[in-house]
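Written out below as structure tokens is the structure these notes cover.
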Amino acid sequence: MVTGRSEEVSGRIRLGMVGGGNDAFIGGVHRIAARLDDKFELVAGALSSTPEKSRESGEALGLARVYDDFKQMAIREARLKSGIEAVSIVTPNHVHYAAAREFLKRGIHVICDKPLTSTLSDAKKLVKAAESSDALFILTHNYTGYPMVRQAREMVANGEIGKIRVVQVEYPQDWLTEQQDFKQAEWRTDPERSGAGGSTGDIGTHAYNLACFVTGLTAESLAADLQAFVPGRKVDDNAHVLLRFEGGARGMLWSSQVAPGNENALRLRVYGEKGGLEWSQEDPNYLWFTPYGQPKRLITRNGSGAGDAANRLSRVPPGHPEGYLEGFANIYSEAADAIQAFRNGASPDASVVFPTVQDGLSGVKFVAACVQSSARNAAWVKLD
């Protein structure tokens, strides 16, 4: 870690960005999320794989400092008295490890898009890099930032549905039903950049992470049947996965990018000995809770029945929709709270929760196990 840097004890966190140039959807999302609660200030970036595009994007955003590549950025920012304190990495998956490593070893906090890396070997190396650094590592599994997801997690932890028996999670989309050649589709269907998993890596990791985050369960093995339905596609575009959790619970996960009529239909259902919970990302302000033998109860975001875990992440009164951008911003806000505590040599409040590098490793292990299982005719594979 570089020493001798002057850290402020309050004020906005100086943020850099790797990737996320003018034509990158997710870069805009991260910038909005970082701005929403006014806890970050974007001051530097290496925004594209080419210096020319990086400079164009940097000028359009009015950045104080624009770099040709992430290594140059990490070296120079670490030397500046008012250099960046944190960096958002929003590149295609295969760049995550190399970029994150450069900033971590210089003591700069990393906020990284999911999945953690494109390969399991890189994921394991990144875990070591994060654990050997004084800097924080935050993974943007943004659905964990939704208030009613936090509500469900709190209810499970409090034992309101009893011991969990069944977990069902799905994330179907339809945007890759046909062959596509624009940038976002191109790299996500290229195993050299996305990794061996297609829908499993892109959205299956979201579904898997959500199931584990809400239930607190750890999967011990899985059996996966992956398909590439579109001719010539080199990664899966549909996956059916059976899950066995420690403690005896069973799960099913479906991810698909070839399901016409579905946009971002992430849905979670959890059933225990005493009741069940249901949540849908496309109707995110509501959580259904059914105690066994009783009528369904609707819990609304920031409304009657919502608990502390949900309310602390809600910004507006019930009935005013909060969704994707606000959930994403909640992850950034949690990251900011942790970074601000770090500035003062303290630990964040126990209520501050965000996905970590270990959650990222779990996601990459999930993808690798799915690919291995499917290649063995959906044989059961251990997750360890």
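The values are calculated or read from the model by the stated rules, or taken from the named source; none is laboratory data. Note that the structure is predicted; figures quoted are calculated from it, not measured. Backbone-built Cβ (ideal geometry, glycine too); neighbour counts: all protein chains shown. Accessible surface areas use protein heavy atoms only, side chains included; no ligands, DNA or RNA. Shrake-Rupley method; radii C 1.70, N 1.55, O 1.52, S 1.80 Å.
Leaving ligands, DNA and RNA out of it, rank LEU217, LEU61 by accessible area with a 1.4 Å probe, largest first. Let's see the in-between values first.
On the way: LEU217 35, LEU61 70 Å².
Result of the area sort, largest leading: LEU61, LEU217.
Heavy-atom accessible area per residue, segment 242-376, 1.4 Å probe: how many Å²?
Normalised by residue count, the accessible surface of segment 242-376 is 45 Å².
By average Cβ neighbour count within 10 Å, what is the ranking of 194-205, 266-277 from highest down? Write out the running numbers ahead of the final one.
Numbers: 194-205: 27.5, 266-277: 19.6.
Packing proxy ranking, top to bottom: 194-205, 266-277.
Straight-line reach from LYS296: which lysines have Cα under 20 Å away, leaving out those fewer than 8 places along the same chain?
Here the lysines satisfying the reach criterion relative to LYS296 are LYS163, LYS274.
Suppose every K and R has +1 on its Cβ and every D and E has -1 on its Cβ; what is the size of the dipole of segment 278-384 about the Cα centre, in Debye to the nearest 20? Provide the component values of the computation, followed by the final result.
On the way: 9 positive and 11 negative charges, 53 e Å.
It works out to roughly 260 debye.
Leaving out ligands, DNA and RNA but keeping every protein chain, what accessible area does SER121 have, in Å² rounded to the nearest 10, with a 1.4 Å probe?
We get 70 Å² for SER121.
When the dipole is taken about the Cα centre of segment 278-335, and only Lys, Arg (+1) and Asp, Glu (-1) are charged at their Cβ, what size is it in debye, to the nearest 20?
On the way: 5 positive and 7 negative charges, 45 e Å.
Rounded to the nearest 20 debye, it is 220 debye.
Cα centroids of segment 129-174 and segment 214-250: how far apart, whole angstrom?
17 Å
So for the chain, averaging the separation of alpha carbon pairs under 8 Å that are six or more residues apart and normalising by length, what relative contact order in percent results?
Taking the mean separation of contacting Cα pairs over the length of the chain, I get 20 percent.
Could you check what % of the DSSP bridge pairs in the chain are antiparallel, to the nearest 5? Working shown, then result.
Values: 37 of 64 bridges.
In the chain, DSSP labels about 60 percent of beta bridges as antiparallel.
Quantify, in whole percent, the carbon and sulfur part of the accessible surface of segment 120-214 (1.4 Å probe; protein heavy atoms only). Before the final figure, lay out each step's value.
Values: 1570 of 3510 Å².
Solvent-exposed carbon and sulfur of segment 120-214 make up 45 percent of the total.
Among LEU80, GLN257, HIS320, which residue has its Cα furthest toward the positive end of the charge dipole of the chain, with +1 on Lys/Arg Cβ and -1 on Asp/Glu Cβ?
Highest projection toward the positive end goes to LEU80.
Give me the Debye-computed log₁₀ of I(q)/I(0) at q = 0.13, 0.15 Å⁻¹ for segment 293-357, equal point scatterers on Cα only, no solvent, two decimals.
-0.47, -0.60
Pick out, from SER347, ALA306, LEU361, the residue whose Cα sits farthest towards the positive end of the charge dipole of segment 290-374, with +1 on the Cβ of Lys and Arg and -1 on the Cβ of Asp and Glu.
ALA306
Which of the trypsin sites (Lys or Arg not before Pro) found in segment 151-223 are loop residues per DSSP with 12 or fewer other Cβ atoms within 10 Å of their Cβ? Let's see the in-between values first.
Values: sites: ARG153, LYS163, ARG165, LYS183, ARG188, ARG193; in loops: LYS163.
Qualifying residues, ordered by number: LYS163.
Can you find, among VAL90, TRP175, ALA129, the residue sitting farthest towards the positive end of the charge dipole of the chain, where Lys and Arg contribute +1 and Asp and Glu -1 at Cβ?
Toward the positive end, the furthest listed residue is ALA129.
About the Cα centre, and with charges only on the beta carbon of Lys, Arg (+1) and Asp, Glu (-1), how big is the dipole of the chain? Nearest 20 debye, please. It would help to have the intermediate numbers written out before the result.
On the way: 43 positive and 46 negative charges, 160 e Å.
That gives a dipole near 760 debye.
When the Kirkwood hydrodynamic radius is evaluated over all pairs of different C-alpha atoms of the chain, what value in angstrom, to one decimal, is obtained?
21.3 Å
Given a 1.4 Å probe, how much area per residue of segment 15-150 is accessible, in Å²? Intermediate values should be presented prior to the final figure.
Numbers: 5010 Å² over 136 residues.
So segment 15-150 comes to 37 Å² accessible per residue, rounded to a whole number.
Give the cross-link partners of LYS81 among the lysines, using a straight C-alpha distance below 24 Å as the criterion and excluding same-chain residues fewer than 8 apart.
Of all the lysines, those that pass the test against LYS81 - Cα under 24 Å, at least 8 places apart if same chain - are LYS39, LYS71, LYS105.
At q = 0.13, 0.19, 0.22 Å⁻¹, what log₁₀ I(q)/I(0) does a Debye calculation on the Cα points of segment 83-199 give, no solvent, two decimals?
Those come out to -0.71, -1.06, -1.14, one per q.
Given a 1.4 angstrom probe, I'd like the percentage of the accessible area of segment 282-344 that is carbon and sulfur, rounded to a whole number.
Roughly 53 percent, rounded to a whole number.
Can you sort THR290, THR218 by 1.4 Å-probe accessible area, starting with the largest?
Listed by decreasing accessible area, they come as THR218, THR290.
Any idea what angle helix 25-36 forms with the longest principal axis of the chain, computed on alpha-carbon atoms, 0 to 90 degrees, nearest 10?
80 degrees
How many Å³ per residue does the convex hull of the Cα positions in segment 242-362 occupy? Show your work: numbers first, answer last.
Working: hull volume 21.5 nm³, N = 121.
About 178 Å³ per residue, rounded to a whole number.
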